[in-house]
Amino acid sequence: MLRRLLLCLVLLGTHAGFAHELKGVYPEHFPPLSIAGEPMQGIIPDLLKALNRTSDHAYVATPYARHSIKRLAEGQIDFLFDSQIWCKDGDNYYWSESIAEIEDILVMRADAEHEFTSLDELVAFAQARGQALRVAGRYEYVYPSLDPLFAKEQLTRKNFYTDLNMLKALQNAHSSGVEAVVMTELVFDYLASKHPDLTKNLVKSRFKVHRAPYQFRFPRNDNGKINMMYTNRLLGQLQASGALAQIIAKYSDLEKPGNRPEVATKTHSRP
């Protein structure tokens, strides 16, 4: 084990000494982490530029292509962006230190019949009325706190391909049946700033459904381990200098929409 660690350290020093490309992919549109357009903008593109200012080699990434996980396993790309908490086979990969903390919330209509202060309260309300709440989520997304409730049919799930379509369904609850949306708070705040008419009658839960670190995801092999260690070193430098916090603040320092002003002084618990 010690010999293997020493080998990795030697290779890490060698790795830093030769310029080459680390190729990766990131979500095509997961604002504000990645914002579709020409050019691509967002926390991740800016982070990659910052890494390249201090790196001995180039981090080169493009929006997700088909079969990205297969390409990662085959060595065609070197990294993805994801969270170990969202990945059902997370132990099969190496993960970087956290880039940013992702907090998922529930979004509901302001005229909803009940304001929930915890996930347990939401489930208890649904059981008392004899009908599970229908919650909108993204296709193939993992929701660690909600998936067990979906499996037990304590909540029901309706899948959508985009966050915008989930919010539209919530606004048209009478036809869609959607009573709540689970989504990343950063994403909701960004969309609310860009689409105020769509989100003006929607409110955010005061509790977080769950939290997850957003990370680089590397294959579980020697190169993946070396790349993870090297990337962690660079991330540590960006964190220590405050550069990473500045990048995140650039895209997340938005007016926080979706709060109920009439209940702003209430104390809310988290699940």
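A Förster distance of 22 Å, applied to the separation of the beta-carbon atoms of residue 103 and residue 153, puts the FRET efficiency at 0.30.
Look at the dipole of segment 166-238 built from charges on Cβ: of 237, 169, 193, the Cα furthest out on the positive end belongs to 237. Local charge for residue 214 was computed over the other residues whose Cβ lies under 11 Å away, with Lys and Arg +1 and Asp and Glu -1, and equals -2.
Karplus-based coupling profile of segment 137-145, in residue order and whole Hz: x, 8, 3, 6, 7, 9, 10, x, 7, with θ = phi - 60° in 6.51 cos²θ - 1.76 cosθ + 1.60 and x standing for Gly or Pro. Less than 12 Å Cβ to Cβ from residue 181, Lys/Arg counted +1 and Asp/Glu -1: what total charge do the surrounding residues give? Spelling it out: positives minus negatives among the neighbours equals +3. Across segment 47-59, rounded Karplus estimates of 3J(HN,Hα) from the backbone phi angles (6.51 cos²θ - 1.76 cosθ + 1.60, θ = phi - 60°) give 4, 4, 5, 5, 4, 5, 6, 10, 7, 7, 9, 9, 8 Hz, Gly and Pro being marked x. Of all DSSP-defined beta bridges confined to segment 18-163, some 15% are antiparallel rather than parallel.
Summed over qualifying helices (DSSP H, 4 residues or more, each -39500 (n - 2.57)) and divided by its residue number, the chain shows a 222 nm mean residue ellipticity of -11500 deg cm²/dmol. Just the protein heavy atoms count here, and of the accessible area of segment 28-108 at 1.4 Å, carbon and sulfur take up 48 percent.
For segment 120-257, the carbon plus sulfur part of the accessible surface works out to 47%, probe radius 1.4 Å. Give me the lysines in straight-line cross-link reach of residue 208: C-alpha distance below 23 Å, same-chain residues under 8 apart excluded. Counting by Cα, and skipping residues close in sequence, residue 208 has these lysines nearby: 88, 152, 158, 168, 194, 200, 250, 256, 266. The angle between the Cα long axis of helix 243-252 and the longest principal axis of the Cα atoms of the chain comes to about 30 degrees, rounded to the nearest 10.
Counting only alpha carbon atoms, the long axis of helix 2-17 and the longest principal axis of the chain meet at about 80°. Summarise the long-distance tail of P(r) for the chain by giving the % of C-alpha pairs beyond 33 Å. Counting pairs separated by more than 33 Å, the tail of P(r) holds 29 percent.
The values are calculated or read from the model by the stated rules, or taken from the named source; none is laboratory data. Fair warning: this is a prediction, and the values are worked out from it, not measured in the lab. Every residue, glycine among them, receives a Cβ derived from its backbone with ideal geometry; neighbour counts consider all protein chains shown. The protein model used for the area step is the full one, side chains on, heavy atoms only, and it has no ligands, DNA or RNA in it. Shrake-Rupley method; radii C 1.70, N 1.55, O 1.52, S 1.80 Å.
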